[in-house]
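Working notes for the structure below.
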Amino acid sequence: MSITLYHFLHVVALLVLAGGTAYACAAASGTRRTVLILTGVASLVLLVSGFGLLAKIYHTQFYLWVVVKLGCWLGLSALAGLAYRRRARAGLWLALGALCVTVGVAMVYFRPGW
């Protein structure tokens, strides 16, 4: 696949995962299964497209910023499930989700550890 397609899939999956996590913080518990399936698929597409980009652009070299992005991905992926289990802390989950997205995007542009 081309770099452009990997990049497109990566950005769309990030938007779906972040939006699904925000929706999980505000939605009724009857939507749990659908939202968790949607965020799970988005999380998988985000991971696969990210490693596809890494292979195409950087020839699978592992930098510090990649490890930080993996941590952000793992944190954001867990938040939808946490939002349904602990409804009282929805504001905290939203803030952590925004932090994970912000740090992950910042790693792309600033790339520490190059």
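For segment 1-87, the equivalent ellipsoid built from the Cα gyration tensor has semi-axes of 27, 14, 8 Å, listed from largest to smallest.
Counting each DSSP H run of 4 or more residues in the chain as -39500 (n - 2.57), what helix-only mean residue ellipticity at 222 nm follows after dividing by all residues, to the nearest 500 deg cm²/dmol? Taking each H run of at least 4 residues, the total per residue is -29000 deg cm²/dmol. Short-range pairs are left out: with C-alpha atoms under 8 Å and at least six residues apart, the relative contact order of the chain is 35 percent. By the rule of a second cysteine Cβ within less than 4.7 angstrom, the chain holds isolated cysteines at C25. Nonpolar atom fraction for the chain, defined as the carbon and sulfur part of the 1.4 Å probe accessible area, stands at 72 percent.
The values are calculated or read from the model by the stated rules, or taken from the named source; none is laboratory data. Note that the structure is a prediction, hence the values are computed from the model and not measured. Note that each Cβ is placed from the backbone with ideal geometry, even for glycine, and that neighbours are counted across all protein chains shown. Keep in mind that these areas ignore ligands, DNA and RNA; they rest on the heavy atoms of the full protein, side chains included. Shrake-Rupley method; radii C 1.70, N 1.55, O 1.52, S 1.80 Å.
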